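Please treat every number below as a calculation from the coordinates, not as lab data. Predicted model, so just to flag it, every value in this text is computed and none were measured. Glycine also receives a Cβ, built like all others from the backbone with ideal geometry; neighbour counts cover every protein chain displayed.
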Amino acid sequence: MAEDFFQGYKGRALEVLRKYNVRVWGQSEIETTRGIFKGTVLPRSENDDDLHIVLKIETGYNIGIDISTITGMKETGYNKANYKIPEKEFPYSDDKPNVKLFGTGGTIASRLDYRTGAVIPAFSPGELYGAVPELADICNIQTEKLFAVFSENMGPDQYMTLAKAIGEEIRKGTEGIVIGHGTDTLHHTAAALSFMVQNPPIPIILVGSQRSSDRPSSDAALNLIHASTAAGHGDIAEVMVCMFGPTSDEYGFLHRGTRVRKMHSSYRSTFRTIGDTPVATVTRAGVKPIKKEYNHRRNDREVNILPYFSEKVTMMYYYPHMKAEMMHALIDMGYKGIIIVGTGLGHVNRELYPALERAKAEGVSVFMTLQTLWGYVHMFVYETGRDMMAKGVIPLGNMLPEVAWVKLGWAMGQTEDPEEVKRIMLTPVNGEITPKEPYNGYLVYQGGVPEVEEFVRKVRK
C-alpha cells in the first residue's frame, strides 16, 4: 500500500499541497498575503474542512493558514512522526508510595517532538518518566489503560468498570489511585465514583488537562504532579478532582467529587467547587486541607464498591413555554426517573402539570434541581413550587444537576420503588447535599479561599 503523504487533507487544501509538493510532517515555509510562516505541516481529521493547512510553528502552537492567502510554499525538511516517546526506566524506590494510574482515554501526559511537530502520548511508567521526570520523586507508578475513549463517550458502563477496578486495586494494597480523564465530563465520572466507591481507605484522584502538552501554557504536567502527590502522600481518602487553582501555577485544588463542576470551556482553572469550599490545596510539597472535616487515610483495605446504574433516568432542562408533551414523551419511552433543572427556587410552568401528575400516577420519580447552581431548591416559597410538590416533585436541596442525574441512575440501579429511591436521593453520601453554603462562596467562586478574598478586597477599594 502506497504511503499517504497528505494525511486527512482533501479538496482544495490537498490540491495546494500537491501543487507545491509539500507533505504532512514536512518542515515548510509558507508565503501568504499576511507574511511568511515557518513550521511543520500537521495531519488533519477526516471531518475537518478543505480550506486550511495546519502548521505547528516554533513556539509550539498550531495555526491554520487559509489557503486563499497562500502565494507560495516550499518544503525545507521532512521528519515523519513515529508517535513513540523515548522510555526511561522508572526508578522504583522502596521508600515511596505505590500509586496506580488508570487511563480512560486521551493523553494524561505527552511530549512535543520538536523535530516533527507531533504530540507524543505518554502512558507506561517509563514513558511518563520520560515526559514528567518529577513523578519519580513523588511515588512509584503502575499504569493500566481501561478505556480509550473521549470523555464525552464515558458513561455508566465505564463508571461501573472503573469502580470495580478501583476496588481490586485497593484490595491489592495500592496506596493511592490517579485516574486520567478528559475534562468535559470529568465531573460526571467523579460524582459516579463518589457513589460507587464508598468509604475508601486511600485517595482517589481524577485529573485531566485543559491544554495539551504541545502548548507552552499546558497544565498537563503540573496537574499530574499534583494528583500524584495527593494520591501518594495526601491524608484525604475521598474521590476528588485535582486541577489548577490560580493561573499563577502556585497550587492545585482538590475538589470533592460531588461538588465540582467544569465552569469554563478553555480556562485552566475551569473546575470550581460549587456550594462549598474545595477540600484542599496541593503543591509539590504536599496537601494542605481547607475543610476541617474529611475522610482520613486508613491502613485497612476495606471499601464498599456499589457498581449500580440504571439507564432509565434522564435530565430535563426547563425553558419558558416548555410543553407537557416533552415529559410525556420521556414517560412513553420508559424513563423511570427524571431530574428537572428548574428556574429560580425550583420552578416550571403550569403547562407541565398534567405530565407531572401522570409521572406520579405511573411511579416515575421526579426530582428538582436548579439552573442557578448556587443556592437551594425552595419549592415551598411560591404557589408554583407548592403545587409541584403536591404533584410528587421532590426538591434536592443544593445538589448539582449533573450529580443528581448520576445519583438517580445509581439509586435506580438498585431499586425502582419510588419511596426507596426518594430515601436514597435525600440521604447524603459525601457532600452532594450540604447543610449550608459558605456565606461568601458565591461572591468569590471558590468558597472563601483567603487569597481570593484578599484580592477582591483590594479590587473593590
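Here the contact order of the stretch 285-423, divided by its residue count and restricted to Cα pairs under 8 Å and six or more residues apart, works out to 27 percent. Considering only beta bridges that DSSP places wholly inside the stretch 298-401, some 5 percent are antiparallel. Rounded to the nearest 20, the size of the Cβ-charge dipole of the stretch 214-284 about its Cα centre is 240 debye, with Lys and Arg at +1 and Asp and Glu at -1. The angle separating the long axis of helix 401-412 from the principal Cα axis of greatest extent in the chain is about 70 degrees.
Across the chain, Cα pairs under 8 Å and at least six residues apart give a relative contact order of 11 percent.
Evaluated over the Cα positions of the stretch 218-377, the convex hull gives a direction-averaged projected area, one quarter of its surface, of 12.4 nm².
Residue by residue, the stretch 271-286 carries 3J(HN,Hα) couplings of 8, 10, 7, 10, x, 6, 9, x, 6, 6, 9, 9, 10, 4, 7, x Hz when phi is fed to the Karplus relation 6.51 cos²θ - 1.76 cosθ + 1.60 (θ = phi - 60°); x denotes Gly or Pro. Pair-distance distribution P(r) for the stretch 11-78, from all Cα-Cα distances in 10 Å bins starting at 0: 23, 62, 15 percent. Only bridges with both residues in the stretch 98-305 count here: give the DSSP antiparallel percent, nearest 5. Roughly 55 percent of the DSSP beta bridges within the stretch 98-305 come out antiparallel. Counting pairs of alpha carbon atoms under 8 Å apart in space and at least six apart in sequence, what relative contact order in percent does the stretch 98-305 give? Averaging sequence separation for qualifying contacts and normalising by length gives 21 percent for the stretch 98-305.
In this simple spin-label model, placing a label point 7 Å from the Cα along the Cα-to-Cβ direction at both residue 380 and residue 161 gives a separation of 4.6 nm.
Couplings for the stretch 47-59, taken from phi via the Karplus curve 6.51 cos²θ - 1.76 cosθ + 1.60 with θ = phi - 60°, read 8, 6, 6, 10, 10, 9, 10, 9, 10, 8, 8, 5, 6 Hz in order; Gly and Pro are left as x. Values (i) 27.0; (ii) 30.9; (iii) 20.7 are given for comparison; mean projected area of the Cα convex hull in nm², derived from the coordinates here, is the one labelled (i).
Here the calculated FRET efficiency for residue 288 and residue 442, from their Cβ-Cβ distance with R0 = 30 Å, stands at 0.80, rounded to the nearest 0.05. Taken about its Cα centre, the chain carries a charge dipole of about 740 debye when Lys and Arg each add +1 at the Cβ and Asp and Glu each add -1 at the Cβ. In whole percents, the pair-distance distribution calculated for the stretch 313-426 from its alpha-carbon pairs, binned every 10 Å from zero, is 16, 52, 31, 1. Per-residue Cβ neighbour counts within 10 Å put 373, 128, 222 in the sequence 373, 222, 128, beginning with the fewest. Distance from the Cα centroid of the stretch 310-370 to that of the stretch 153-181 is 33 Å (rounded to whole angstrom). In a DSSP loop and with at most 16 other Cβ atoms within 10 Å, the chymotrypsin sites (Phe, Trp or Tyr not before Pro) in the stretch 194-291 are 267. Eigenvalues of the alpha-carbon gyration tensor of the stretch 98-305, scaled by 5 and square-rooted, set the equivalent ellipsoid semi-axes at 24, 19, 17 angstrom, largest first. To the nearest ten degrees, helix 186-196 and the longest principal axis of the Cα atoms of the chain are 50 degrees apart. Backbone phi angles across the stretch 221-230, fed through the Karplus curve with coefficients 6.51, -1.76 and 1.60 (θ = phi - 60°), yield HN-Hα couplings of 5, 5, 4, 5, 4, 5, 5, 5, 5, 5 Hz in residue order; Gly and Pro are listed as x. Listed by Cβ neighbour count within 10 Å, with the fewest neighbours leading, 179, 57, 138 appear as 57, 138, 179.
Within 14 Å, Cβ to Cβ, of residue 404, how many net charges do the neighbouring residues add up to if Lys/Arg are +1 and Asp/Glu are -1? Overall, the nearby charge balance is +2. Selection among 242, 232, 263 by position relative to the dipole of the stretch 216-309 gives 263 as farthest towards the positive end (Cβ unit charges, Cα centre). Taking the charge dipole of the stretch 313-426 about its Cα centre, with +1 at Lys and Arg Cβ atoms and -1 at Asp and Glu Cβ atoms, the residue from 335, 345, 425 reaching farthest to the positive side is 345.
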